[in-house]
Amino acid sequence: MRFDIFTLFPGIFAGAFDESILRRARETGRIEIFLHDIRAYTHDKHHVTDETGYGGGGGMIMKPEPIFEAVESVLGTDPATRPPVVLLTPQGRILTTQIAREFSQLPRLALICGRYEGIDERVRALVTDEISIGDYVLTGGEIPAMVVVDAVSRFVPGVVGDPGAPHRDSHATGLLEHPHYTRPPEFRGMAVPEILLSGHHAKIERWRRNESLRRTLERRPDLLARAVLTEEDRQALRELGWQGRDL
Ligand code: SAM
């Protein structure tokens with residue numbers, strides 16, 4: 001899968017894609033990441049990419065011309081043949097596992113990073129989707145773009161060593177994941193739950209599922225309203241005292 005990221009600050013990305021899983025994914029060609037410097041698409045002497053906004057008020061607004069030129073020269077001028085173009089904005093739909101999984105089915109995805117007070121509204125004419133990474137405001141779209149690339153890449157086949165892992169992780173199943181333990185079996189008086197050392201796979205699976213339900217109930221009970229639950233899950237939740245949906 002190919003990502004094209006349009007940014008005023010390509011240097012911010014140094015490091016994030018150069019270590020660990022994403023580095024390996026790039027080296028093996030599972031993903032490709034192209035950074036496009038919006039400033040390179042200006043034609044004036046000072047390479048101006050932002051100006052004060054019409055109507056007053058503080059803050060600088062990113063000009064539309066360099067963004068249009070960058071996107072059109074990299075992705076083409078025909079919107080029908082362009083890959084989806086995502087604007088990172090706190091006003092977009094909030095990134096979820098479901099969205100990340102859908103994006104991972106695409107051969108190519110473009111991301112536009114805003115800065116300053118935001119972008120000229122006319123840039124939205126280039127955009128096919130708007131994504132937020134949460135209900136807070138960051139200084140720029142670069143970190144959100146990294147978040148999108150990372151979350152999407154995990155669903156690209158071959159990127160994560162254990163192909164089932166992204167589909168078992170928190171949120172993928174509608175629940176939070178169960179706790180994990182590794183060696184040693186006891187650390188500073190804290191023991192690994194006996195069941196995990198038992199080698200009894202069916203019992204371990206049930207324990208994990210129950211812990212997953214317990215965690216979700218304690219931390220994110222809102223998720224339970226949408227989770228797919230078996231009769232055994234409902235029984236476990238009843239025992240945990242949940243009074244929610246259909247129980
Ligand atoms: N004035 C804008 C508003 O209130 O909607 C916020 C601008 S923010 C300071 C600058 C840029 O950071 C945005 O254009 C966007 O690209 C990015 N950004 C900030 N918070 C974000 C979030 N939660 N999700 C995605 N992008 C975000």
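Here, each number is a calculation from the coordinates, and none is a lab measurement. Note that the structure is a prediction, hence the values are computed from the model and not measured. Positions of Cβ are generated from backbone atoms using ideal geometry, with glycine treated the same way; all protein chains shown enter the neighbour counts.
Which helices count as membrane-span-like in the chain under these terms: full DSSP H, at least 15 Å along the axis by C-alpha, Kyte-Doolittle mean of 0.0 or more?
64-75, 142-153
Apply the a/c threshold of 1.5 to the C-alpha gyration tensor of segment 62-125 and tell me whether it is rounded, prolate or oblate.
oblate
One-quarter of the Cα convex hull surface for segment 170-239, in nm²?
5.5
How do L240, L8 line up, fewest other C-beta atoms within 10 Å first?
The most exposed by this proxy come first: L240, L8.
If each residue's Cβ is checked for other Cβ atoms within 10 Å, how do Y41, Y136 rank with the fewest at the top?
Exposure proxy ranking, most exposed first: Y136, Y41.
How much of the DSSP bridge set in the chain is antiparallel, in percent, rounded to the nearest 5?
20
When you count, for each residue, the other Cβ atoms within 10 Å and take the mean per peptide, how do 226-232, 215-221, 170-176 rank with the highest first?
So the order, starting with the most tightly packed, is 170-176, 215-221, 226-232.
From the mean inverse distance of alpha carbon pairs (Kirkwood) and the Cα radius of gyration, derive Rg over Rh for segment 131-203.
Here Rg/Rh amounts to 1.12.
What is the order of S198, S104, fewest Cβ neighbours within 10 Å to most?
S198, S104
Would you mind telling me which residue in T28, T182, T77 has the biggest mean-square fluctuation in a Gaussian network model of the chain, where springs connect alpha carbons within a distance under 10 angstrom?
In the Gaussian network model the winner is T182.
Taking amide hydrogens as modeled 1.01 Å from N in the peptide plane, which residues meet the under 5 Å criterion relative to R108, leaving out close sequence neighbours?
R2
State the three equivalent ellipsoid semi-axes of the chain, derived from the C-alpha gyration tensor as the square roots of 5 times its eigenvalues, in descending order and whole Å.
Rounded to whole Å, the semi-axes are 43, 21, 17.
Exactly which chymotrypsin sites (Phe, Trp or Tyr not before Pro) in segment 53-116 are in a DSSP loop and have at most 13 other Cβ atoms within 10 Å?
Y54
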